[in-house]
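Participant: Provided herewith is a single structure, encoded as structure tokens, for subsequent inquiry.
The values are calculated or read from the model by the stated rules, or taken from the named source; none is laboratory data. Predicted model only: the values in this text are computed from it and were never measured. Counting neighbours? That spans all protein chains shown, and the Cβs are built from the backbone with ideal geometry, glycine included.
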Amino acid sequence: MIFDPGQRETDVLDRVTVRLVQEAERPEFDRCLETEHYLASSALVGETLRYVAELDGQWVALLTFSAPALHLKAREQWIGWTPRQRARRLGLVVNNSRLLVRPERHRFPNLASRVLGLCLRRLSADWQERWGHPVLVVESFVDESQYRGTCYKACGFEAVGATAGFGRASREFYHAHGVPKQLYLRALRPRARNRLRQARLPEELAVYEAEVTGPCPFRAPALESLLDRLGALPDPRRGHGLRHRQRFVLACAAVSTLMGACGYRAFENTSKKFTQRQLKALGSQPDEEDGRYYPPSDSTFQRSFQPILGPKPS
């Protein structure tokens, strides 16, 4: 990447623009992240948006936003919401999961904050258009052994505490990487933190949590009697390799229904919010490889209910 050494930084920054990555550009975008970003990965989790910052048609920075961390003690304290509010409103938070500045930083030290600021101005509107809901808070993790987080501070982010040293390995699970990072948070709207922790969201935001269930409100012992009753039903399923017993599947469906879920996919999404102790109390069998308890998939719910409900009317 070639720049005129005589250019002033302010002249350069005034010409920088940001835009969403087009689908045809994804392979090159991913390649840049995998070869130039210190994490060497382009894998993202959940709902995502990808941006490029351009200067005279050249890519000078790459940014990604994706699903937030499921549990962050410092974030929960900063917002001040309850576990149930967090479960229902977490979709209003996004993670700035990658920020790659391609030119040498000492040439244009304010380039990172410039492109980050440009993205933040349009992020909520872009998220609304792509995913059907706005964004109120942005989080990001900075490895302070390599970076100082200057661009985040310049864009109004607040450092709220170090993480415990775990990274997200998939939608639901984490692995220990042993490198605690500083958590930075920024509200995108005035009083966003207050709104996320108040008993009821404003009408224009309440619609986005109306169909989202919270954490399972039942303690594990209270679930065992339900399991006993459902265990009396015969299981007509046959075949080798049945992972979940019918009574466990039906128990998950029953509790999910009480929590507001309706439909096989909703049963699956709601069951994923059950704790390990709750899954065990509902009758889950430990996985042979890692010993953890896993909820049924939407197809498992469907296969379990079809013999009970009978064939669809013609």
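Participant: Could you check region 76-85 and list, in sequence order, the residues that are surrounded by fewer than 21 Cβ atoms within 10 Å (Cβ to Cβ) and in a helix (DSSP H, G or I)?
Facilitator: Hits for region 76-85 are Glu76, Gln77, Trp78, Pro83, Arg84, Gln85.
Participant: Here's another thing I want to ask about it. Could you please let me know if Pro134 is at pLDDT 90 or above, under 15 Å from Leu185 (Cα atoms) and part of a loop (DSSP other than H, G, I, E, B)?
Facilitator: Details: at pLDDT 90 or above: yes; under 15 Å from Leu185 (Cα atoms): no; part of a loop (DSSP other than H, G, I, E, B): yes.
Judged against the criteria, Pro134 is not a match.
Participant: Residue check: is Arg102 touching a strand residue (DSSP E or B) at 6+ places or on another chain (Cβ under 7 Å) and surrounded by fewer than 20 Cβ atoms within 10 Å (Cβ to Cβ)? Before the answer, list the steps.
Facilitator: Working: touching a strand residue (DSSP E or B) at 6+ places or on another chain (Cβ under 7 Å): yes; surrounded by fewer than 20 Cβ atoms within 10 Å (Cβ to Cβ): yes.
For Arg102, the condition - touching a strand residue (DSSP E or B) at 6+ places or on another chain (Cβ under 7 Å) and surrounded by fewer than 20 Cβ atoms within 10 Å (Cβ to Cβ) - is met.
Participant: Additional query: So Ala154 clears everything in (1) closer than 30 Å to Val12 by Cα; (2) of a type in the set (A, V, I, L, M, F, W, C); (3) in contact (Cβ under 8 Å) with a residue 40 or more places away in the chain; (4) surrounded by 16 or more Cβ atoms within 10 Å (Cβ to Cβ) except one condition, right? Which one?
Facilitator: The number of the failed condition is (4).
Participant: Residue under question is Leu63, and the condition is that it be modelled with pLDDT of 95 or more, in a strand (DSSP E or B) and buried (at least 22 other Cβ atoms within 10 Å of the Cβ); does it hold?
Facilitator: Yes; evaluated as a whole, the condition is true for this residue.
Participant: Would you say Gln77 is assigned by TED's automatic domain parsing to the domain that holds Ala125 and closer than 25 Å to Pro134 by Cβ?
Facilitator: Yes.
Participant: Next question. Could you list, ordered by first residue, the pairs with Cβ atoms under 7 Å in which the first is in region 8-25 and of a type in the set (Lys, Arg) and the second is in a loop (DSSP other than H, G, I, E, B), at least 6 apart or interchain?
Facilitator: Arg15/Asp56
Participant: Could you tell me how many of the residues in region 244-276 are in a loop (DSSP other than H, G, I, E, B) and either crowded, with 17+ Cβ neighbours inside 10 Å or not hydroxyl-bearing (Ser, Thr, Tyr) (or both)?
Facilitator: First pass over region 244-276, keeping only residues in a loop (DSSP other than H, G, I, E, B): 244-245, 259-263, 272-275.
Keeping just the survivors that are either crowded, with 17+ Cβ neighbours inside 10 Å or not hydroxyl-bearing (Ser, Thr, Tyr) (or both) gives 244-245, 259-263, 272-274.
Final tally of qualifying residues: 10.
Rundown of residues vs (1) surrounded by 11 or more Cβ atoms within 10 Å (Cβ to Cβ); (2) among the basic types (Lys, Arg); (3) closer than 12 Å to Arg98 by Cβ, yes/no style:
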site	(1), (2), (3)
Arg19	yes, yes, no
Ala24	no, no, no
Phe29	yes, no, yes
Leu33	yes, no, yes
Ala40	no, no, yes
Leu49	yes, no, yes
